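What follows is a short report on a single structure.
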Amino acid sequence: MEQKIGNISIALIRKLTPSAKGIGNDFILDRTIHYIPDDLHPIFKYPLRLDGIIISVRKQGVANVNINLREHSAGPNDLVICAPGDILQSTPEEGAHQSQTILISSEYLKEMYINLNSFMPFFVSLKENPVFHLTEEEAKELEAFFLLIEEMVDKDDIFRTEIVRRLLGGYLYKIGSILHRRHPEPGNESIKSLKREEVVFNQFINLVTEHHCKERRVDFYAELLYLSPKHFSTVVKKVSGKTAGEWIDEYVILEAKALLKYSAMSIQEVAYHLNFPNPSFFGKYFKHHTGVSPSEYKVQ
């Protein structure tokens, strides 16, 4: 049950996005054009986490995409993939924006009867690089699948659900095929190209993603990486320009924002979930980093 805390549901996204199409609350797809700043989608005003995958191919406009503290720029023909549990916030530039976006719940993925393990290794590399540019041909291949799925969702067909499920499976396999063409041996090439310091930093961010609810001490992460706190702090600062403590605080704040906005937890429950000694200490910590109190943020 704990893993679902703070997740935004597909049901809520459907409610906030009348133009989105789907079947039940298992998946939705959307390609509505938005005009920023007047038409900013409400779910992008705050960090969010979906218990499922988000696959989005941008067709128009440029946005700054923050996924688990890592900043990425996404423009036309860029593919963005968020895995279950990722914390996402998108900040679009002014102007017209359109993406072909599909959200699939974790439960529905299990029911699709496809061999996810056959191409899952290619998705592992996306933890480090969740945004990459498609060729025109690749973008057209994915668009063809998207439009076919959309067309089938709209049809009154006795086997609509089964057909859509298999089309979604084909869409995922097509993405796996594109990734395979880029990296026939997943992970090896990218790991070799990284310096030792960069490998340590990436491992640190992954550990923060896993342990931030319970641990905010720099020496805890240094110990997991078999480094002295001093050397560990030096490496993180050198690679990222920020201290290890700053990265930890940023992720804790991202988590707190997602919990405050999209969970039914009280401020006191959020404080204890994030391992603060009491709500008062959490309130001071949150306001120090955001400029507003948890109660003010919750009702924004």
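For the range 134-165, the set of residues classified as over 24 Å from the mean Cα position of the chain (by Cα) and of a type outside the set (A, V, I, L, M) consists of GLU136, GLU137, GLU151, ASP154, LYS155, ASP156, ASP157, PHE159, ARG160, THR161, GLU162, listed by residue number. Which one of these is outside any helix (DSSP H, G or I) and surrounded by 19 or more Cβ atoms within 10 Å (Cβ to Cβ): PHE282, PHE286, PHE276? The unique qualifying residue is PHE276. Within the set ALA264, ALA256, the sole residue that is exposed (fewer than 14 other Cβ atoms within 10 Å of the Cβ) and either within 19 Å of GLN300 (Cβ to Cβ) or assigned by TED's automatic domain parsing to the domain that holds SER90 (or both) turns out to be ALA264.
Total residues in the range 53-67 satisfying the condition of being part of a strand (DSSP E or B) and either touching a Gly at 6+ places or on another chain (Cβ under 6 Å) or charged (D, E, K, R) (or both): the figure is 2.
Within the range 220-253, the set of residues being modelled with pLDDT under 90 and under 27 Å from VAL299 (Cβ atoms) comprises GLU250, TYR251.
Each row is one residue, and each column tells you yes or no for (1) touching a Pro at 6+ places or on another chain (Cβ under 6 Å); (2) crowded, with 20+ Cβ neighbours inside 10 Å; (3) not assigned by TED's automatic domain parsing to the domain that holds ALA144.
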site	(1), (2), (3)
PHE27	no, yes, no
ILE36	yes, no, no
VAL65	no, yes, no
SER73	no, no, no
PRO76	no, no, no
LEU79	no, yes, no
GLU93	no, no, no
SER99	no, yes, no
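Checking PRO84, PRO76 one by one, the residue that is in a loop (DSSP other than H, G, I, E, B) and closer than 26 Å to THR209 by Cα is PRO84 and no other.
Do we have ARG217 as at pLDDT 90 or above, of a type outside the set (A, V, I, L, M) and surrounded by fewer than 16 Cβ atoms within 10 Å (Cβ to Cβ) here?
Considered against the rule, which asks whether it is at pLDDT 90 or above, of a type outside the set (A, V, I, L, M) and surrounded by fewer than 16 Cβ atoms within 10 Å (Cβ to Cβ), ARG217 comes out as yes.
Pairs, please: C-beta under 9 Å, at least 6 apart or cross-chain, first residue assigned to a strand (DSSP E or B) and in the range 21-34, second among the acidic types (Asp, Glu)? Partner pairs satisfying both residue conditions: LYS21/ASP30; LYS21/GLU150; LYS21/ASP154; GLY22/ASP30; LEU29/GLU150.
Being in contact with a helix residue (DSSP H, G or I) (Cβ under 9 Å, 6 or more places away or on another chain), aliphatic (A, V, I, L, M) and under 26 Å from ILE8 (Cβ atoms) is a property that VAL239 lacks.
The values are calculated or read from the model by the stated rules, or taken from the named source; none is laboratory data. Source: prediction; values computed, not measured. Positions of Cβ are backbone-derived with ideal geometry, glycine not excepted, and every protein chain shown enters the neighbour counts.
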